[in-house]
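The values are calculated or read from the model by the stated rules, or taken from the named source; none is laboratory data. This structure is a prediction, so every number in the text was calculated from the model and none was measured. Here Cβ is always computed from backbone atoms with ideal geometry, including for glycine, and neighbour counts include all displayed protein chains. Side chains included, ligands, DNA and RNA excluded: accessible areas come from the protein's heavy atoms. Shrake-Rupley method; radii C 1.70, N 1.55, O 1.52, S 1.80 Å.
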Amino acid sequence: MTDLRVHIGVTTLKNPILTASGTFGYGPEFEPYLNLHALGGFCTKGISLEPRAGNPGVRIVETPSGMLNSIGLENCGSRVFLDEMLPKIAAYDTAIIVNFYAHSEEDFVKLAATLSESDRIDALEMNLSCPNVKQGGSVFGADPRLIESLTAAVRKVTKKTLIVKLSPNVTDITVTARAAEAGGADAVSLINTLIGAAVDRRTRRFTLGNKIGGLSGPAIKPVALRMVWQTARVVKIPVIGIGGIATLGDVIDFLLVGARAVQVGSANFVNPGVAQDLVEGLDRYLAERGETLDALIGSVQE
Amino acid sequence: MQRSIVTAIADMMPVAGDCFLMAVPFEPEPLPGQFVMLSFGDGRTDPFLPRPISIFDWEGGMLTLLIRVVGRGTLLLGRQAAGAAVRVTGPLGNSFPDDAGRVCFIGGGIGVAPLFYAAKRSKAKDRSFILGFRSADESYLTGEFSEVAPVRFVSDDGSLGEKMFPHEKLDALVAAGERPDLVVTCGPEKMMAAVHGVAKKHGLRDVHSLESRMGCGIGACLGCRVNMPGASVLVCKEGAVFDGSIFEEKQ
Ligand SMILES: Cc1cc2nc3c(=O)[nH]c(=O)nc-3n(C[C@H](O)[C@H](O)[C@H](O)COP(=O)(O)OP(=O)(O)OC[C@H]3O[C@@H](n4cnc5c(N)ncnc54)[C@H](O)[C@@H]3O)c2cc1C
Ligand SMILES: Cc1cc2nc3c(=O)[nH]c(=O)nc-3n(C[C@H](O)[C@H](O)[C@H](O)COP(=O)(O)O)c2cc1C
Ligand code: FES
């Protein structure tokens, strides 16, 4: 068994394979398919202060090597999450990373403070891909100044590992990544989904009820890989790579360009046991080469 | 316990009406009304998502699926030959209830798929089908269904059985004194809603297998939520089988 441990903030992950928010339910859904103890950790569905119903109408549509979703951040709310969901997953010997979001700085801070009271939560992942209601609906994740001040405000109320999840729907992701670092983030995770759309030619309507949605899956991997590489070069904090990871080859590619850990997203829908396969695959890969994880990370030749 | 496995197709058989039967070895034994998520098992990423498919039959470790070609995914699955690898995740969802008395299985179009296994496994003293197709040309497996239980066929153009809708046939049967203790339905939503109307009128117990676009089938993506008149439901986790009251506006 190779040492696969990685350190992110104050958290030690037993290995660098995590599952991505919104693609792994609240955890128990996957019990029949894999051993949750085997994972480095998992990110919960995005939690908000109050429960949210999400979007009506068609919520997912398949696209070439990927999918669009407009779930609309449906979730049970922080109270139900802490009282009912968390106890069900508390016993898993794996890092629990709570993905959270809000529509104002005030609510982000309130939510981070509430979540920080739970001992069982290992890390917080702040999702910035949602509109700021106080600023005419512009997305938090697009404004570097806002990212820095928001991260700093949340940093003040939590001692937990704070990961800022970056949106790829920006001109230069290294700018937003630096802003998160300046605000005191322990790590950045990227990428969230790319905004896209699909139309149904037959009915001449948008396929998704919400018209637009987030693109994910193998189709976005090259974009994600490029952004992770660019980001890892300019920040000192760990970068967690996300986007289209489905195979061991994908994991290695992200580690090569500098990701310290990775998150598996939509691929969980195709093979609900894939994350454990990737942990075992990475272990074998390193063992066969007699290589350490540290030596692999960031070792792409430039 | 559910599983997700890659396995080789044991048999492919074309069926009329743009349908095919696919046989794959699969354990454990599913319950009637459950479904599986089916995708390619050769590592291709396009098509990406698995497709929800009902249990048409299961016998001694062999799962049979009845699939209608409606789009790219089902088209490509239909072109697979015996020996090709597929991924099967399941068995998923809740199941049809049963009744010791009289059960009527009502299916429309490809909605007939889960009713074969349901009727076969039912312990009811009296089982029968009402199967609706557009026309005789677009009907399939009529002989197979007839071997399991008596079938009343109805069609839109009268070329197969009587020219009427399934719910009208149910209404006529009840009027003639053949009152089911349980009605099990799968088909287009309009048909199921109409069947519920008849069931309610006569005070019959009715259950329906709903359709929705699914991403995962296991409650992880939240993609399959539909707002029905009676409730907003996550079809893969809370269903796919629901009580008929789901078609009634919540008070
Ligand atoms: C619980 C359940 C059981 C089912 N059982 C059967 C069965 O036994 N036999 C059978 O032939 N079909 C069944 N279906 C419908 C089947 O899943 C769709 O026809 C199929 O997904 C269409 O895929 P496609 O790529 O050919 O079509 P496309 O139109 O290309 O599909 C594109 C996307 O839309 C989704 N989609 C399109 N139409 C439907 C639909 N009607 N229902 C759900 N998703 C849809 C697909 O999953 C896919 O993600 C079932 C559906 C559900 C929800
Ligand atoms: C159905 C679905 C729901 C998602 N929900 C969330 C969410 O609640 N919060 C979040 O930060 N990201 C969410 N994401 C984004 C994923 O966590 C991930 O960043 C993205 O899907 C890219 O990875 P992938 O290509 O491996 O899927 C969601 C993605 C999908 C497909
Ligand atoms: S299909 Fe994913 S939650 Fe129902």
Handout entry: Residues being in a strand (DSSP E or B) and farther than 14 Å from A:LEU128 by Cβ - total across segment A:147-186
Key = 1
Completion exercise
Scanning segment B:90-122 for residues that are assigned to a loop (DSSP other than H, G, I, E, B) and in contact with a strand residue (DSSP E or B) (Cβ under 9 Å, 6 or more places away or on another chain) gives B:GLY93, B:ASN94, B:SER95, B:PHE96, B:PRO97, B:ASP98, B:ASP99, B:GLY101, B:SER122
Practice task
Return yes or no: is A:LEU208 crowded, with 20+ Cβ neighbours inside 10 Å, of a type in the set (A, V, I, L, M) and away from chain B (no Cβ under 14 Å)?
Solution key: no
Practice task
Inspect all residues belonging to segment B:155-175 and state whether any of them is of a type in the set (A, V, I, L, M, F, W, C) and either within 14 Å of chain A (Cβ to nearest Cβ) or under 30 Å from B:PRO47 (Cα atoms) (or both).
Solution key: no
Exercise for the section: Being within 12 Å of chain A (Cβ to nearest Cβ) and crowded, with 18+ Cβ neighbours inside 10 Å narrows it down to one of B:VAL88, B:VAL112, so name that one. Expected result: B:VAL88
Exercise for the section: With respect to B:VAL174, determine if the residue is among the β-branched types (Val, Ile, Thr), open to solvent by less than 50 Å² (accessible area, probe 1.4 Å) and touching a strand residue (DSSP E or B) at 6+ places or on another chain (Cβ under 8 Å). Expected result: no
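If I go through segment B:31-41 residue by residue, how many of them are open to solvent by less than 50 Å² (accessible area, probe 1.4 Å) and either hydrophobic (A, V, I, L, M, F, W, C) or more than 14 Å from chain A (Cβ to nearest Cβ) (or both)?
7
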Completion exercise
Exactly one of A:GLU62, A:GLU29, A:GLU74 is within 13 Å of ligand 3 (Cβ to nearest atom), over 18 Å from B:GLY219 (Cβ atoms) and out of contact with any helix residue (DSSP H, G or I) (no Cβ under 7 Å at 6 or more places or on another chain), and that one is A:GLU62
Completion exercise
A careful count of residues in segment B:218-245 that are within 13 Å of ligand 2 (Cβ to nearest atom) and in contact with a helix residue (DSSP H, G or I) (Cβ under 7 Å, 6 or more places away or on another chain) gives 5
Exercise for the section: For segment B:91-100, state whether one or more residues are under 22 Å from B:ASP243 (Cβ atoms) and acidic (Asp, Glu). Expected result: yes
Exercise for the section: From A:VAL157, A:VAL188, A:VAL234, grab the single residue that is within 14 Å of ligand 2 (Cβ to nearest atom) and under 30 Å from A:VAL10 (Cβ atoms). Expected result: A:VAL188
Practice task
Hey, could you check segment A:242-265 for residues that are in a loop (DSSP other than H, G, I, E, B), near ligand 2 (Cβ under 9 Å from one of its atoms) and open to solvent by less than 20 Å² (accessible area, probe 1.4 Å) and say which is nearest to A:THR193 (Cα to Cα)?
Solution key: A:GLY243
Practice task
Out of A:ALA246, A:ALA219, A:ALA180, A:ALA198, report the one residue that is away from every other protein chain (no Cβ under 14 Å) and small (Gly, Ala, Ser).
Solution key: A:ALA180
Problem - Any chance A:VAL300 is in a loop (DSSP other than H, G, I, E, B), of a type in the set (A, V, I, L, M, F, W, C) and more than 16 Å from ligand 3 (Cβ to nearest atom) - result: yes
Practice task
For residues that are free of Cβ contacts under 8 Å to residues at least 12 places away in the same chain and crowded, with 18+ Cβ neighbours inside 10 Å, tally how many sit in segment A:136-178.
Solution key: 1
Problem - Number of the condition not met by B:VAL69 [criteria: (1) modelled with pLDDT of 95 or more; (2) open to solvent by less than 30 Å² (accessible area, probe 1.4 Å); (3) more than 13 Å from every other protein chain (Cβ to nearest Cβ)] - result: (2)
Exercise for the section: Take segment B:196-251 and flag every residue that is within 11 Å of ligand 1 (Cβ to nearest atom), more than 14 Å from chain A (Cβ to nearest Cβ) and touching a residue at least 60 places away in the same chain (Cβ under 8 Å). Expected result: B:SER209, B:GLY239, B:ALA240, B:VAL241
